[in-house]
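**Student:** Pasting a structure below so you can have a look.
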Amino acid sequence: MTESCTSQLIHKVKTHIEMVYPQQDSAEVCSTLLNLMRLEAECETPGNHQNHWTQEDMILITYGNSLLRDGEKPLCTLNTFLKDHLESTINSVHILPFYPYSSDDGFAVMDYSSVNPSLGDWDDIEAISKDFKLMADLVINHCSSRSIWFENFKQGKFPGKDFFFTASPDDDISQVVRPRTSPLLREVATPEGTKYVWCTFSHDQVDFDFTNLDVLYEFVRIIRLYLDKGVKIFRFDAVAFLWKEVGTKSIHLPQTHEIIRLLRTLVEHAVPDAIIITETNVPNIENLSYFGNGNEAHCVYNFSLPPLLLNTLISGDCRHLKRWLMTMPPSQVGTAYFNFIASHDGIGLRPAEGLLNEDELSTLVNTISMFGGKVSWRSDKGVNKPYELNIALFDALQGTHKGPDKYQIDRFICAHAIMLALEGIPGIYIHSMLGTGNDYERVENTSQNRSINRHQWDISQLESALQDKYSQHAKVFQRMKSLISIRKKQPAFHPNAVQFTLQLGDQLLGFWRQSQNRKQSIFCIFNVSDQPQSIPLAEINLIDTDDWHDLLSDIKFSDMQGYLELAPYQPIWLTNYQS
């Protein structure tokens with residue numbers, strides 16, 4: 001480690017520590033942290049404000065056991081499927097929590113340092129990381145109540161005796177913001193008497209106490225382990241709730257932001273191109289705060305996109321989505337939006353607060369219920385409000401407010417064409433790639449609404465479905481792969497390329513992307529309605545000295561006085577660039 005790298009790193013880490021733990025010896029804490037990350041012996045100075053991504057980056061989101069074959073470890077089945085079907089399409093994969101767990105499909109972690117043996121082992125994880133950039137969850141706010149740490153807490157033993165945040169039933173917790181309706185405090189008997197453990201999500205997910213430095217040290221050890229196993233992208237799960245203070249909302253507290261900055265400093269000095277993505281399912285302005293000053297998260301989940309895009313396509317009106325796009329600040333160099341429209345969770349409604357009014361949200365909820373979806377609720381000062389729509393995206397887009405129609409696949413592909421064209425890095429849920437519908441049997445078996453969108457495919461049945469050109473799965477899979485393959489070749493779709501929203505009316509969503517070297521422009525235009533739409537080419541302001549063609553249909557446009565004719569839900573990527 002060079003002298004300059006050493007001194008700069010020590011200074012940064014000590015500054016972080018002094019802001020979060022002012023009573024501690026910052027030099028001693030810094031030394032411990034650098035030792036845990038093995039930065040006392042080796043260190044790489046990260047570049048300032050560097051993009052670690054291009055338009056070729058695409059992240060597939062999947063559980064380790066989304067694909068199953070009898071007698072084979074699911075992680076091996078997944079790896080084979082990825083290499084056989086998606087290696088030339090997807091270059092990154094987010095494997096949702098692959099650790100031993102007790103509930104919430106992996107997000108109640110029992111042991112952070114091992115792979116769930118029902119999925120495979122670390123060799124299987126490392127095998128995937130050799131061919132794909134690997135994204136993994138750091139479930140940092142809470143762990144399982146069946147973990148050894150919590151068992152030690154209940155028995156008054158170390159490590160774990162003081163790992164968990166406690167409060168008193170008499171404390172003022174009325175302001176606490178949380179996404180569940182269950183009681184916040186869990187009563188626990190310990191050798192020191194009854195304690196009340198803070199549980200933001202469920203009583204099986206007990207919250208850590210980061211005022212205790214030993215908790216921070218444990219997570220730094222975990223991060224180092226994951227880096228060693230090939231993880232390049234960290235998803236900081238539920239990180240907004242990390243730091244708690246009685247009498248406050250206990251969300252987005254300054255210490256939370258500073259700990260993220262600290263962890264980023266350590267991570268990027270160990271592996272300069274590693275990426276941190278914060279998962280904060282909250283209103284848009286709060287979500288954006290996790291970029292910090294370009295020194296916090298590299299990427300933030302674009303949580304407002306799923307509900308706004310869903311509302312657009314089932315209402316046939318893009319006003320709210322367009323207005324939101326116009327207010328989104330361009331990401332700084334070295335940061336990017338992480339765009340997605342479906343995931344293992346449902347479609348969150350909190351990020352639509354202030355963007356859709358109560359009547360519009362109610363209509364959206366009712367429509368999704370009509371399409372077989374479920375609704376999850378949260379408590380807001382004693383009042384239950386819809387928190388999340390639980391439905392497979394393919395079924396969510398089966399029709400409009402008027403009911404199901406014949407445009408399900410076209411509407412579904414239009415949604416992804418919009419998402420793939422937007423500024424940011426795309427994340428695509430495996431069940432969106434496969435056109436998977438609602439899994440009611442799994443909901444019945446688990447009694448969890450989110451299970452509706454967590455289907456497990458028998459790989460033989462999936463392969464048969466993908467070979468049947470008339471199946472919805474084959475149709476969706478091929479069209480999605482085609483979209484992605486086209487997108488990857490376009491410099492104007494770089495995650496940080498310029499984006500400008502067009503004003504084309506309420507039924508046509510439009511925005512312009514321009515490559516960073518200004519050689520390519522793409523006018524992205526989408527009919528979000530179930531009726532044909534027409535627009536004069538002159539209204540798009542094309543440069544008439546250039547040759548323009550649609551990347552998706554390969555139709556060329558030479559008459560700038562002509563019209564664009566769009567069928568229901570047709571996407572157009574109009575460019576002047578020959579790749």
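The values are calculated or read from the model by the stated rules, or taken from the named source; none is laboratory data. Every value quoted in this text rests on a predicted model; they were computed, and no experiment measured them. Neighbour counts run over all protein chains shown; Cβ positions are idealised from the backbone, glycine included.
**Student:** Which one of A474, A421, A492, A417 is in contact with a Ser or Thr (Cβ under 7 Å, 6 or more places away or on another chain) and not basic (K, R)?
**Tutor:** Result of the check over A474, A421, A492, A417: A492.
**Student:** Residue under question is T200, and the condition is that it be in contact (Cβ under 8 Å) with a residue 12 or more places away in the chain and either β-branched (V, I, T) or touching a helix residue (DSSP H, G or I) at 6+ places or on another chain (Cβ under 6 Å) (or both); does it hold?
**Tutor:** yes
**Student:** Considering S464, S460, S432, S447, which residue is loosely packed, with under 15 Cβ neighbours inside 10 Å, closer than 22 Å to D84 by Cα and out of contact with any Lys or Arg (no Cβ under 9 Å at 6 or more places or on another chain)?
**Tutor:** That would be S464, the only listed residue that is loosely packed, with under 15 Cβ neighbours inside 10 Å, closer than 22 Å to D84 by Cα and out of contact with any Lys or Arg (no Cβ under 9 Å at 6 or more places or on another chain).
**Student:** Only one of (1) within 19 Å of the chain's Cα centre (by Cα); (2) surrounded by fewer than 16 Cβ atoms within 10 Å (Cβ to Cβ) fails for L349. Which number is that?
**Tutor:** (2)
**Student:** Would you confirm whether any residue within the range 102-125 is in contact with a helix residue (DSSP H, G or I) (Cβ under 7 Å, 6 or more places away or on another chain), surrounded by fewer than 16 Cβ atoms within 10 Å (Cβ to Cβ), modelled with pLDDT of 95 or more and small (G, A, S)?
**Tutor:** yes
**Student:** If the Cβ limit is 6 Å and pairs must be 6+ apart or interchain, which residue in the range 69-90 that is at pLDDT 95 or above pairs with which residue that is of a type in the set (K, R) and surrounded by fewer than 20 Cβ atoms within 10 Å (Cβ to Cβ)?
**Tutor:** Final answer for the pair search is T77/R69; T89/K481.
**Student:** So I572 passes all but one of these: (1) part of a strand (DSSP E or B); (2) closer than 13 Å to N527 by Cβ; (3) in contact (Cβ under 8 Å) with a residue 60 or more places away in the chain. Which condition number does it fail?
**Tutor:** (3)
**Student:** Would you say V365 is under 23 Å from F201 (Cα atoms), outside any strand (DSSP E or B) and touching a residue at least 24 places away in the same chain (Cβ under 8 Å)?
**Tutor:** For V365, the condition - under 23 Å from F201 (Cα atoms), outside any strand (DSSP E or B) and touching a residue at least 24 places away in the same chain (Cβ under 8 Å) - is met.
**Student:** Can you name every residue in the range 533-579 that is among the charged types (D, E, K, R) and surrounded by fewer than 18 Cβ atoms within 10 Å (Cβ to Cβ)?
**Tutor:** Across the range 533-579, the qualifying residues are E539, D544, D546, D547, D554, K556, D559, E565.
**Student:** If only one of D131, D172, D104 is touching a Gly at 6+ places or on another chain (Cβ under 8 Å) and among the charged types (D, E, K, R), which one is it?
**Tutor:** D172 is the lone residue from the list that is touching a Gly at 6+ places or on another chain (Cβ under 8 Å) and among the charged types (D, E, K, R).
**Student:** Restricting the range 54-65 to residues that are in contact (Cβ under 8 Å) with a residue 60 or more places away in the chain and assigned to a loop (DSSP other than H, G, I, E, B), which is nearest to F477 (Cα to Cα)?
**Tutor:** Ranking the qualifying residues of the range 54-65, first place goes to M58.
**Student:** Next up: F493 fails exactly one of the following numbered conditions: (1) within 20 Å of the chain's Cα centre (by Cα); (2) more than 19 Å from E56 (Cβ to Cβ); (3) among the aromatic types (F, W, Y). What is the number of that condition?
**Tutor:** (2)
**Student:** Looking only at strands (runs of 3 or more DSSP E) that fall completely inside the range 262-360, which ones have 1 or more residues that are without any contact (Cβ under 8 Å) to a residue 40 or more places away in the chain?
**Tutor:** 299-301
**Student:** Does the range 104-125 contain any residue that is closer than 30 Å to L483 by Cα, under 22 Å from the mean Cα position of the chain (by Cα) and among the hydroxyl-bearing types (S, T, Y)?
**Tutor:** No.
**Student:** Right, something else. Considering only residues that are of a type in the set (D, E) and within 16 Å of A167 (Cα to Cα), which ones fall in the range 200-229?
**Tutor:** Listed by number, the residues that qualify are D207, D209.
**Student:** A follow-up question, please. Could you tell me which of the residues I418, I391, I409, I368 is surrounded by fewer than 19 Cβ atoms within 10 Å (Cβ to Cβ), farther than 20 Å from D237 by Cβ and of a type in the set (A, V, I, L, M)?
**Tutor:** The unique qualifying residue is I409.
**Student:** If I filter the range 241-258 down to residues being assigned to a helix (DSSP H, G or I) and in contact with a helix residue (DSSP H, G or I) (Cβ under 6 Å, 6 or more places away or on another chain), which single residue comes out as nearest to S174 (Cα to Cα)?
**Tutor:** Q255
**Student:** So, in the range 174-203, of the ones that are over 28 Å from the mean Cα position of the chain (by Cα) and hydroxyl-bearing (S, T, Y), which residue ends up modelled with the lowest pLDDT?
**Tutor:** Taking the candidates together, the pick is S174.
**Student:** Given the criteria of a type in the set (S, T, Y), in contact with a Cys (Cβ under 7 Å, 6 or more places away or on another chain) and more than 25 Å from Q50 (Cα to Cα), does T248 qualify?
**Tutor:** no
**Student:** Let me ask you something else. Within the range 228-253, which residues are surrounded by fewer than 18 Cβ atoms within 10 Å (Cβ to Cβ), more than 20 Å from F201 (Cβ to Cβ) and in contact (Cβ under 8 Å) with a residue 12 or more places away in the chain?
**Tutor:** Result: K229, G230, G247.
**Student:** Taking the condition of being buried (at least 23 other Cβ atoms within 10 Å of the Cβ) and assigned to a loop (DSSP other than H, G, I, E, B), how many residues in the range 66-76 meet it?
**Tutor:** 1
**Student:** Would you point out which residue out of R186, R235, R178 is under 23 Å from I285 (Cβ atoms) and assigned to a strand (DSSP E or B)?
**Tutor:** Residue meeting the stated conditions: R235.
**Student:** Do we find that H49 is touching a residue at least 24 places away in the same chain (Cβ under 8 Å), on the phi > 0 side of the Ramachandran plot and out of contact with any Phe, Trp or Tyr (no Cβ under 9 Å at 6 or more places or on another chain) in this structure?
**Tutor:** So H49 fits the description; yes.
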